[in-house]
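The values are calculated or read from the model by the stated rules, or taken from the named source; none is laboratory data. For clarity, every value in this text was computed on a predicted model and none was experimentally measured. Virtual Cβ from ideal backbone geometry, glycine too; neighbours counted across all protein chains shown.
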Amino acid sequence: MAATAAVVLAGCGGGGGKKATANGASSNGQAGASTINLTARDFAFSPTTITATAGKPVTVTIKNDGQAEHNFSITSLNVNKDIEKGESQTVTFTPTQSGSIQFFCEYHKNSHGMVGTLTVT
């Protein structure tokens, strides 16, 4: 699973409604593999909506541009990655069915509403 998705988190819980699509981009020559960049800031993700394809690996790179430690989690896909301020982390997962799945910062989800949506087609 060498699909690399770069997700840059633009802050916990705020948004702007931007979208990123993982379909079509591939890395390491894996057919169907996709990559997404996400940014986290205090306290929102950017973009707030990302898209992937069921059954295809997705790699997300999250950049923390905020002043606080942030996190990228998707409970149903067993994704949980901390990102220190000024750092980037990468996670790879494969969604198994279509639908909308919430991603969030486990530290700022409840206090600041730092959430986003993964749309799986």
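Within the range 108-121, residues that are more than 13 Å from Arg41 (Cβ to Cβ) reach partners that are among the small types (Gly, Ala, Ser) and crowded, with 16+ Cβ neighbours inside 10 Å with beta carbons closer than 7 Å, at six or more positions or on different chains, in the pairs Gly113/Gly13; Val115/Gly13; Leu118/Ala52; Val120/Ala52. Regarding the range 60-76, can at least one residue be identified that is more than 18 Å from Thr39 (Cα to Cα) and either at pLDDT 95 or above or small (Gly, Ala, Ser) (or both)? Yes, because at least one residue in the range 60-76 is more than 18 Å from Thr39 (Cα to Cα) and either at pLDDT 95 or above or small (Gly, Ala, Ser) (or both). The set of residues from the range 33-78 being in a loop (DSSP other than H, G, I, E, B), closer than 11 Å to Phe93 by Cβ and of a type outside the set (D, E, K, R) comprises Pro57, Asn78.
If the condition is being over 19 Å from Ile36 (Cα atoms) and either among the β-branched types (Val, Ile, Thr) or part of a helix (DSSP H, G or I) (or both), then the range 79-120 contributes Lys109, Asn110, Ser111, His112.
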